[in-house]
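Here's the structure, in structure tokens; my notes come after.
The values are calculated or read from the model by the stated rules, or taken from the named source; none is laboratory data. Since we're looking at a predicted model, the values are computed, not measured. Cβ placement follows ideal geometry from the backbone for every residue including glycine, while neighbour counts extend to all protein chains displayed. Surface accessibility is based on the protein's heavy atoms, side chains included, excluding ligands, DNA and RNA. Shrake-Rupley method; radii C 1.70, N 1.55, O 1.52, S 1.80 Å.
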Amino acid sequence: MPIFIYDKSFEGLLSVVFDAFTLKTFPRELYGLDDILPLTASKIHQVTITPEKHRRVFTALQKKLSPFALRSLLYAWLSEQPSSDLALYRYICKVLKSTKSIESDLADPHIWEISNLQRKVSKESERLMGFARFQKSKENIYFSAIAPKYNVLPLMIGHFSERLHDQRWILYDLTRRYGILQKNGSFSEILLDERHLLDGFLRAEFLAEGEMLLEELWRVYFNSTAIAERRNPRLQRNCMPKRFWQYLTEKRAVPAGDKAASSAQPNPMDE
Amino acid sequence: MNENTIKKLKILADAAKYDVSCSSSGVSRGSGTGSWGGVGSAQGMGLCHSFTDDGRCISLLKILFTNYCKYDCAYCINRQSNDVPRAAFSSAELAELVIEFYRRNYIEGLFLSSGVVQNPDYTMERMLRALSILRHHYGFNGYIHLKSIPGTSPELVHEAGLLADRMSINIEIPSEQNLKMLAPDKDHQSVYKPMYFISQGILENQTERKKHKKLPKFTPAGQSTQMIIGASNERDKDILKLSSLLYSGPQLKRVYYSGFIPVNSYDSRLPALREVPLVRENRLYQADWLMRFYQFEHNEIANDDFPDLDMELDPKISWALRNPEFFPIDPNRADYPVLLRVPGIGLTSAKRIIVARRHGKLDEQQLNKLGVVMKRAKFFLKLTKKGFQGIDSAGADYVRAKLITGKQGVITPQLSLFGPTLPTAAKTSAPSTSLPAPSLPV
């Protein structure tokens, strides 16, 4: 059983495809540089990544796939699931080997798998565009921390750059520990000193003046707008899974020392 | 903004919650053409920012400008004769609140309604002032949904349409005579006139903009309305007929159905319901979807012979059981509108079937993978399985029993105080206590 080793990057994956077609050897499994290889492997090939290799594969794909399907490759890659790279590899090989367009052959399990990953990543990204909450810091930067299941930060930048184009903001991925800062229309990847945060939110001493009042206003609004006679926790959890709650201003457990906690009204729906 | 704002917000958000409209869709706007010049964008499909404890989506700041009101409508919590705390925003205060919430990604925009102070025009003017501050002072590009006050003069409605993305005006009670009984100050004319005026305005604006592309848009996200379900004695067929007329005539984007919440229990004109008619409300939304997306006519779903929706089964299954001669259908050959009629095949699965079957014939397993709910659909599709009892061989009653026993839990039929008890299985189809003998395989 042939296996290939590569650097676990997207360009690396495309280079894997290039080598497979060139050497006419199609690996059954893919491993990273630091992975422990299986005991039985008939052929081990380490892929060298060159710009020429991945560009040629990408161009070939552009000719065969619609813009949507092409974009789906990126989404599937960002899912960062254990064998999503293998799934992508199989899909790409299938597409390149066929003479006609097969991206709509949803009954095919390999095509379906990529379509599935695309949908999951897309849904996570859209949810977070709604669920991300910003806090204004003392330096007038709006800060938001999220903990997405998939690596959707790159997919959210366009939306927020359009919407909040006149304010400086940071979107931070707590799980993957990197963030994006927008300043004057340009973006940069940043690392954060997480001592600024408590449970994913900026600590009180770093917040702008009046920020606590605003968060309190939002909590009051959130609680007042619910209709008690229609209480439906199951529907709420269905639409807004609990894993998002800890980073929502309105659902988080407000820390004991927080000034806002003293003025918070008990939620009438909890009685 | 200060501690006082908190009190006002509490009162006025609480007062606005019975208007169930929640969408922020219908407008796509960024910093390009059509921009108001300042912060924000509008997302074409709308975005849900949160979900309340009753499960409804929050995408806009839904608020009353003031809950002082000179009317005394029987079904409304803010009616003049109720002793509830009253408050009012100032235009500047409201605009600032919207912008600050928006910048923190709490909301897509504003949903503004109001109680009637002095007269409709006076109230509308105050509301328009807040909108004007948002659009012109802040350059706000986000979504604004404005409720029209019934009886507002056309000039103000026109001004509103240039500032708001969506406008709506609530019918509340589906039939005119019941409306007059419950809200003597209102009538359907005061609702339909502005509705038609706005729809005219939208059509004219669309025509004009074909010639002059830079002309400002008029109510680009269209109109919607709301009907209260269960506060009066209309049958489902009447409600759906009205919705159908509203979707075709003034071309509303949405009709909302709000299950009557028993407020003002002291008022004898209102039914003494113990429970909110949630199942009926859900069935009406399902019927509404059938009309808008599944190409059903309103009288296919409910008519004089079948005036109320089945509470135990959704309206699509209900139609299928009443029209068994339409089935079975072949998923590999049927056209899109025909596929849509099969219970268990939704819009997405139907589209996937059409696209995937070009590559090869689809079998049961593949249909299941594509998202078809085979548990339901199997009774209505032409399948290769020998001896399988579908609706054509076993009949509607058999399939009905199978579909109902397949469900978990029991649905208690919701009672109506006006008409007959809402239909259960025993009453809609021909009474049968035993299943028909299945036909032997040939």
(message) Relative to 2.2 N^0.38 Å, what does the C-alpha radius of gyration of the range B:1-123 come to as a ratio? Two decimals please.
(response) 1.14
(request) Please work out whether the range A:114-257 counts as rounded, prolate or oblate from its C-alpha gyration tensor, where a ≥ b ≥ c are the square roots of the eigenvalues and a/c under 1.5 means rounded, while otherwise a/b larger than b/c means prolate and anything else oblate? (result) oblate
(message) At 7 Å along Cα-to-Cβ for each site, give me the label-to-label distance between B:Lys386 and B:His137 in nm.
(response) 8.0 nm
(message) Quick check: pseudo-label points 7 Å beyond the Cα along Cα→Cβ at A:Trp245 and B:Tyr266, how many nm apart are they?
(response) 3.8 nm
(message) I'd like the interface area for chains B and A: accessible area of each alone minus the complex, both sides summed, 1.4 Å probe, protein heavy atoms only. What is it in Å² to the nearest 100?
(response) 5100 Å²
(message) Using only Cα atoms and rounding to the nearest 10 degrees, what angle (0 to 90) does helix A:153-163 make with the longest principal axis of chain A?
(response) 50 degrees
(request) Put one equal scatterer on each alpha carbon of the range A:55-190, apply the Debye formula with no solvent term, and list log10 I(q)/I(0) at q = 0.10 1/Å to two decimals. (result) -0.41
(request) Enumerate the amide H contacts of B:Ile329 below 5 Å, restricted to partners 5 or more residues apart or on another chain; note that Pro and chain-start residues carry no placed amide H. (result) B:Leu381, B:Lys382
(request) Nearest 5 is fine: what % of DSSP beta bridges in chain B come out antiparallel, could you say? (result) 20 percent
(message) If you roll a 1.4 angstrom probe over the protein chains with everything in place, what fraction of the accessible area of the range A:42-91 belongs to carbon and sulfur, to the nearest %?
(response) 57 percent
(message) What does the C-alpha gyration tensor say about the overall shape of the range B:65-190? Classify as rounded when a/c is under 1.5, otherwise prolate if a/b is larger than b/c, or oblate.
(response) prolate
(request) Using a 1.4 Å probe on the heavy atoms of the protein chains only, list every residue of the range A:80-125 that has 30 Å² or more less accessible area in the complete assembly than in its chain alone. (result) A:Ser104, A:Asp105, A:Leu106, A:Ala107, A:Trp112
(request) Let me have the relative contact order for the range A:89-221, percent, based on Cα pairs under 8 Å that are six or more residues apart. (result) 18 percent
(request) Would you compute, from DSSP H runs of 4+ residues alone, the mean residue ellipticity of the protein assembly as shown at 222 nm, taking -39500 (n - 2.57) per run and dividing by the full residue count, rounded to the nearest 500? (result) -11500 deg cm²/dmol
(request) Using a/c under 1.5 as the rounded threshold, could you call the protein assembly as shown rounded, prolate or oblate? The axes a ≥ b ≥ c are square roots of the C-alpha gyration tensor eigenvalues, and prolate needs a/b larger than b/c, oblate otherwise. (result) oblate
(request) Could you work out the Rg to Rh ratio of chain A, with Rh taken as the Kirkwood radius (inverse of the mean 1/r over all Cα pairs)? (result) 1.07
(request) With +1 on each Lys and Arg Cβ and -1 on each Asp and Glu Cβ, and nothing else charged, work out how big the dipole of the range B:195-334 is about its Cα centre, in Debye to the nearest 20. (result) 1100 debye
(request) At most 14 other Cβ atoms within 10 Å and a DSSP loop assignment: could you name the GluC sites (Glu not before Pro) in the range B:276-373 that fit? (result) B:Glu297
(request) Give, ordered by residue number, each residue of the range A:155-169 whose 1.4 Å probe accessible area is reduced by a minimum of 40 Å² on adding the remaining protein chains to the chain alone. (result) A:Glu162, A:Arg163, A:His165, A:Asp166
(message) Could you compute the net charge surrounding B:Asp335? Neighbours are other residues with a C-beta less than 13 Å from the C-beta of B:Asp335; K and R count +1, D and E count -1.
(response) +3
(message) Rolling a 1.4 angstrom probe over the protein chains, ignoring ligands and nucleic acids, what is the accessible area of B:His212 in square angstrom, nearest 10?
(response) 100 Å²
(message) Probe of 1.4 angstrom, ligands and nucleic acids ignored: what's the accessible area per residue over the protein assembly as shown, in square angstrom?
(response) 46 Å²
(message) Quick check: the angle from helix B:188-211's long axis to the longest principal axis of chain B, C-alpha only, nearest 10 degrees?
(response) 90 degrees
(request) Beyond 29 Å between alpha-carbons counts as too far, so tell me which of A:Lys138/B:Lys217; A:Lys136/B:Lys253; B:Lys193/B:Lys237; A:Lys100/B:Lys316; B:Lys70/B:Lys193 fall in that bin. (result) A:Lys138/B:Lys217; A:Lys136/B:Lys253; A:Lys100/B:Lys316
(message) Taking 22 Å as R0, compute the FRET efficiency from the Cβ-Cβ separation of B:Lys375 and B:Ala401 and round it to 0.05.
(response) 0.95
(message) Quick check for me: using +1 on Lys/Arg Cβ and -1 on Asp/Glu Cβ, what's the dipole size of the range B:9-150 about its Cα centre, in debye to the nearest 20?
(response) 180 debye
(message) I'd like the per residue volume of the convex hull spanned by the Cα atoms of chain B, given in cubic angstrom.
(response) 170 Å³
(request) Considering only protein heavy atoms, with the full assembly of protein chains and a 1.4 angstrom probe, order B:Ile404, A:Ile227 by accessible area, largest first. (result) B:Ile404, A:Ile227
(request) May I ask which residue of B:Ser190, B:Met227, B:Gly142 lies farthest towards the positive end of the charge dipole of the range B:135-256, with charges of +1 (Lys, Arg) and -1 (Asp, Glu) on Cβ and the Cα centre as origin? (result) B:Gly142
(request) Using only Cα atoms, tell me the angle between helix A:67-78 and the longest principal axis of chain A; keep it within 0 to 90° and round to the nearest 10. (result) 70 degrees
(message) Do any residues of the range A:219-234 show a loss of at least 10 square angstrom of accessible area between the isolated chain and the full protein assembly, using a 1.4 Å probe, and if so which?
(response) A:Val220, A:Tyr221, A:Phe222, A:Ser224, A:Thr225, A:Ala226, A:Ile227, A:Glu229, A:Arg230, A:Arg231, A:Asn232
(message) Less than 20 Å from a label point 7 Å out along the Cα-to-Cβ axis of B:Ser175: which backbone N atoms in the range B:306-337 qualify, by residue?
(response) B:306-310
(request) Let me know the Rg and Dmax you get for the range A:127-172 when you use only its Cα atoms, in Å. (result) 10.4, 30
(message) Please list 3J(HN,Hα) in residue order for the range B:309-316, calculated via the Karplus relation 6.51 cos²θ - 1.76 cosθ + 1.60 where θ = phi - 60°; whole Hz, with x for glycine and proline.
(response) 5, 5, 7, 7, 10, 6, x, 6
(request) Taking amide H positions as placed in the peptide plane 1.01 Å from N, state which residues far from B:Lys62 in sequence (5 or more) or on other chains have amide H under 5 Å from it. (result) B:Phe111
